[in-house]
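The structure appears right after this line, and notes come after that.
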Amino acid sequence: MAPPNRTDPVYSEYYTIDENNFDAEARKNMGWGFSDIPEQLSADNFVRAAKMLVVNLLKWTLHNETRPTPTDSYIRKLHFGRWINDPTDDTCMNTRAKVLVRDSEDAVTFRNGKQCVVDMGKWQDPYSGQTLANSREIQIDHMIPLKHAYMAGAWQWDYKTRCLYANYLGYRNHLIPATVKENTSKGARAPNEYLPSNESYRCQYVKDWLAIKLIWRLNMTQDEVEAVHSVVTNLNCKVSDFKVSQADLNNQRQYINDNIEYCMLNKR
């Protein structure tokens, strides 16, 4: 992994994660050496290959062109909607409540005797390292903030894809319970502008940041990749952790396809 070169002639160039850069060791174990992946595989070999192949999150493709930008200014509700209450799951909990239930270390309690709005529980904010018991002290943070995602490519999606992104439960660390202070400090900032105050979490933070960029095919600025490179290098992050299996990536993309109408169910 090498940091971007500041002498590149066009500073407005951008990066994406190279999802065709499969791990060489996996190829070797499959008997492929460094040649291209065989075009024809049996069903069993295809499944086995997908499990063994991994995408290196630290391999980036430089696009020698100006980063595409939206023509419309970002508006949260217009572009991403709100927390959704799935009408098909027999609960009155919206996405926020589901994340609080999912991530509480103790059984949660609800307000007003109805299992709709979570009141108390036990949550660890990984950004600050604090333990919280009152849900009023918690905001649910999008690991890659909505405004940032919009600027990084989500402006090209249709509304139902953006709304699914805002309510996405397919990847656990897509949505994070955080203190109001920490979430406010983060805002829509990328790793070049914000890193969690809990330094021991920073390697995991940038790993999840990159994984979500890969899953949703979001682009990155030069400052952003330089900041990630700096975290991985300066904190001696375990580079082998920065890999996503092709099978897991396929599962995430399939989850998106299977749930693409999720937000539209609320309009029926």
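The values are calculated or read from the model by the stated rules, or taken from the named source; none is laboratory data. Given the structure is predicted, the values throughout are model-derived calculations rather than measurements. Note that we place each Cβ from the backbone using ideal geometry, even for glycine, and neighbour counts take in every protein chain shown. Ligands, DNA and RNA are stripped out before the accessible areas are found, and what is left, the full protein with its side chains, is counted by its heavy atoms. Shrake-Rupley method; radii C 1.70, N 1.55, O 1.52, S 1.80 Å.
What to note about this one:
- Ordering of 125-135, 218-228 by burial proxy (mean other Cβ atoms within 10 Å per residue, highest first): 218-228, 125-135
- Fraction of accessible area attributable to carbon and sulfur, the stretch 183-268 (%, probe 1.4 Å): 42 percent
- The modelled label-to-label distance between residue 236 and residue 264, using points 7 Å beyond Cα along the C-beta direction, is 5.2 nm.
- Computed lengthening from residue 90 to residue 119, 0.36 nm per intervening residue step minus Cα-Cα distance: 8.5 nm
- Estimated FRET transfer efficiency (residue 217, residue 172; beta-carbon r; R0 22 Å; 0.05): 0.65
- Rolling a 1.4 Å probe over the protein heavy atoms gives the stretch 104-258 an accessible area of 43 Å² per residue.
- Sorting 66-74, 167-175 by average packing, meaning the other beta carbons within 10 Å per residue, from highest down gives 167-175, 66-74.
- In this view, the solvent-accessible surface of residue 143, computed with a 1.4 Å probe and all protein chains in place, comes to about 0 Å².
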